[in-house]
Amino acid sequence: MTSKSELYLLEGSQVEVLTAAIGVAAALVICFHWGVKVALSFSAGAGLSLLNYRWLKRGVASIGQAATAQPGEPGRRSKGDFVRFLARYVFLIGAAYVILSGFKMSAIALVAGLLSVIPAIIVASLWHLIRSSADS
């Protein structure tokens, strides 16, 4: 039996792999149906979604570690962790602005790509539910 932290890491890596797989598969379908430019816009959104998920996972772990650490312990984090946690939004908004205005990409495809992490989370969660019910 795996511990909760091992399960969290396992599910997190599965979400990352599934997000990448969904992004690639959907981009191929979009490329054949709507063209390369729309597929590139979707891929950019999926890439930003994956990057955001990784940063969010790392930021939540850092904040959780800082919240549970006692003053003076080495696990205590700086205020910079909180700033980085919020700065990712500034980066994502800036990247979306450059993609949409600078490269004249499809806004709908970019947003659809940004949402590609949602089905990955659902599939990974369902997989763990099915697997845990089969184990018991």
Problem set entry | Hits in region 103-119 (condition: more than 18 Å from Arg54 (Cβ to Cβ) and at pLDDT 90 or above) | Met105, Ser106, Ala107, Ile108, Ala109, Leu110, Val111, Ala112
For this session: With respect to Glu16, determine if the residue is modelled with pLDDT under 90, assigned to a helix (DSSP H, G or I) and under 17 Å from the mean Cα position of the chain (by Cα).
Result: no
Exercise. Pairs under 9 Å by beta carbon, first residue under 18 Å from Leu50 (Cβ atoms) and in a helix (DSSP H, G or I) in region 120-136, partner modelled with pLDDT of 85 or more and of a type in the set (D, E, K, R), six or more apart or different chains?
Worked result: Ala120/Glu16
Seminar exercise, completed: Considering residues that are farther than 16 Å from Gly47 by Cβ, surrounded by fewer than 16 Cβ atoms within 10 Å (Cβ to Cβ) and aromatic (Phe, Trp, Tyr), the number found within region 85-106 is 1
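The values are calculated or read from the model by the stated rules, or taken from the named source; none is laboratory data. If you're wondering where the values come from, they're calculated on a predicted model, not measured in any experiment. Positions of Cβ are generated from backbone atoms using ideal geometry, with glycine treated the same way; all protein chains shown enter the neighbour counts.
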